[in-house]
Amino acid sequence: MQAFFRTDESWAGLILRVAVGGVIFAHGAQKLLGWFGGNGFDGTMGFFTNVMHLPWIVAFLVIIGESIGSLGLIAGFLTRFTAASFIVIMLGAIQVHWAQGFFMNWFGQQQGEGFEFHLLVIAMSLALLVIGGGKWSLDGLIAKWLGERTTTPTSKAREASFALRMF
């Protein structure tokens, strides 16, 4: 478990998780709460299940992952898990946006949005998957707590006694 939560005190992890989490939160808030011109939970579930024909559990997990998961990411809680889930979500989004090509629809000259945004989120999430949450993350605090629990004097004595028995 400690390896899952382990991170360093880098600014890179902090910057990446706040940037990705903040941007994805806006998209999640559209889907869950109807903020920023979104359809809200019922509208998004209807679109995902009736128009895109996604299973309801996949639609639900996308909405929750983008909204609540992004808040956890900003706090640096379950960074690697959330980054991995964003990669999966964005791979699915690339399939949807593939027909529109690479570029976003900056000038309204194409049918929909391209997939360049999704590739950037994947790249940033991959970096978070590798380095963890960085500075001021809850994951770092959890890793330190787990490390302290596993290196108590009693566990050190047990390790030493095991090592002696091995010889």
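Tallying residues that are under 21 Å from residue 120 (Cβ atoms) and open to solvent by 50 Å² or more (accessible area, probe 1.4 Å) within the stretch 33-87 yields 4.
Across the stretch 64-100, the qualifying residues are those that are of a type in the set (Val, Ile, Thr) and under 8 Å from the mean Cα position of the chain (by Cα), and the one among them that is nearest to residue 140 (Cα to Cα) is 79. With respect to the conditions (1) touching an Asp or Glu at 6+ places or on another chain (Cβ under 7 Å); (2) within 13 Å of residue 5 (Cα to Cα); (3) of a type in the set (S, T, N, Q), residue 137 lacks only one, and its number is (1). Would you confirm whether any residue within the stretch 110-126 is exposed (fewer than 15 other Cβ atoms within 10 Å of the Cβ), free of Cβ contacts under 8 Å to residues at least 24 places away in the same chain and of a type in the set (Gly, Ala, Ser)? Yes, the conditions are met somewhere in the stretch 110-126.
The values are calculated or read from the model by the stated rules, or taken from the named source; none is laboratory data. All values reported here derive from a predicted model rather than from experimental measurement. Neighbour counts are summed over all protein chains in view; Cβ atoms, including those assigned to glycine, are modelled from backbone coordinates with ideal geometry. For accessibility, only protein heavy atoms count, side chains too; no ligands or nucleic acids. Shrake-Rupley method; radii C 1.70, N 1.55, O 1.52, S 1.80 Å.
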